[in-house]
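My structure is below; once you've seen it, I'll send some questions.
Every number in this text was worked out from the coordinates using simple rules, so none of it is lab data. Because the structure is predicted, anything quoted here is derived from the model rather than measured. Cβ sites come from the backbone with ideal geometry, for glycine too, and all protein chains shown count toward neighbours.
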Amino acid sequence: MTRTSTPFTAASTADEVLKDIDLTGSTAVITGGYSGLGLEATRALARAGARVIVPARRPRTAAAALRDIPGTEVAALDLADPESIRAFADGLLAAGPAARVDILINNAGIMACPETRVGPGWEAHFGVNHLGHFALVNHLAPALTHGRARVVSVASSGHFLSGIRWDDPHFRRDPYDRWLAYAQSKTANALFTRHLDALTGDRGPRALAVHPGSILTPLQRHIPREEQIAQGWMDAAGAPADGFKTPAQGAATAVWAATSPLLEAHGGAYCQDCDIAGPATTDDMLIGGVKPWAADPEAAARLWDLSAGLTGLDAFA
């Protein structure tokens, strides 16, 4: 896919990306927008004039994190609970014709957690990172189909480790592997974006996936410090390794994908470093790029059908 003429780089911050963009009158929804990259994206979008709704599994914690950011509000949402997702969407849509979402950033997620089952027995990474957001987007379809909306899903170079495990996505047969589970969910984020955009075309929303880069955030809470040091992510003092971004830099690609006019003709793209990513040519996750199994349109359509069957939702058909 053709790269853009973006003036931004891997070192750009979310505020720099939005410096000349006025979002007054627009509404953004950012899952997990009260911690890590999500909090930086919330700050930047609110400073640019957007009303930012932050759905949160821990509303009190979210409210405390956002109390000094004007233009933000918190609503309860647990991506592991289908009924909670429905309730959040119903509450937002209750505004009727005024219920318009201009930006939806599917940012919340879990990483390398112990084996856990959510919903009707789904593996937690697949259930929270992918199916929870799949359900959210489908429930919010009436607020998104106005031709200008952007849906941005935060993926990861973690997708390098696994495509979709078609025969056993929930690890019911094979031994559970926390890294393969995380990797599959990140491949799913990219494929979901690709097929959503293929379904909606010019009637909206425009959908994009982003790799934010390598950043130390609360996402790594399930990974012992010793393991992070052994992986080379930080030194013994806890300082990030070379090549890691700050949270403000990590949020930049998501807000760029959510707002840049350069992407109007590039729906379904996988982005990193504030540009469209090229194919991954190595297995080095710091270099990034997108592996073929995360960009395959046939796999994207197959995943959509699987997800629709699991959730009972298919609002864009």
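Of G36, T61, A46, whose Cα points farthest to the positive end of the dipole of the stretch 29-75 (charges on the beta-carbon: +1 Lys, Arg; -1 Asp, Glu; origin at the Cα centre)?
T61
Ok, one more. Which distance in Å, rounded to a whole number, links the C-alpha centroids of the stretch 156-170 and the stretch 77-125?
Their Cα centres are 21 Å away from one another.
I've got another one for you. Could you give the dipole magnitude of the stretch 87-222 about its Cα centre, charging the beta-carbon of Lys and Arg +1 and that of Asp and Glu -1, in debye to the nearest 20?
Result for the stretch 87-222 is approximately 220 debye, rounded to the nearest 20.
Can I ask one more? Rounded to the nearest 0.05, what FRET efficiency is calculated for W179 and R86 with R0 set to 25 Å and r the Cβ-Cβ distance?
E(calc), rounded to 0.05, equals 0.20.
Now, a different point. How do E16, E115, E123 rank when sorted from fewest to most other Cβ atoms within 10 Å of their own Cβ?
Ascending number of Cβ neighbours within 10 Å: E115, E16, E123.
Additional query: Quick one: length gained pulling T281 to W166 fully straight, 0.36 nm per residue minus the C-alpha distance?
Length gained, T281 through W166: 38.9 nm.
State to the nearest 20 debye the size of the charge dipole of the chain about its Cα centre, where the only charges are +1 on K and R beta carbons and -1 on D and E beta carbons.
Once rounded to the nearest 20, the dipole reads 580 debye.
Next up: Show that you can apply the helix-only estimate: for the chain, add -39,500 (n - 2.57) for every DSSP H stretch of four or more residues, divide by all residues, and state [θ] at 222 nm to the nearest 500.
-9500 deg cm²/dmol
Once amide H atoms are placed 1.01 Å from N in the peptide plane, what residues at a sequence separation of 5 or more from N106, or on another chain, have their amide H within under 5 Å of its amide H?
Distant-sequence amide H within range of N106: V152, S153, V154.
Determine, for T282, T193, T13, the number of other Cβ atoms within 10 Å of each Cβ, and report the residues in order from fewest to most.
Taking fewest neighbouring Cβ atoms as first place, the list is T282, T13, T193.
Report the label-to-label distance for A76 and L93 in nanometres (one decimal), using points 7 Å from each Cα along the Cα→Cβ vector.
With each label placed 7 Å out from Cα toward Cβ, I get 2.0 nm.
Have a look at the stretch 14-311 and give its Rg and Dmax from the Cα atoms, expressed in angstrom.
17.7, 54
Taking the DSSP beta bridges in the chain as the whole, what percent of them are antiparallel, to the nearest 5?
15 percent
Now for a different question. Would you look at the GNM of the chain, springs on alpha carbons closer than 10 Å, and say which of L191, L92, L45 moves the most?
L92
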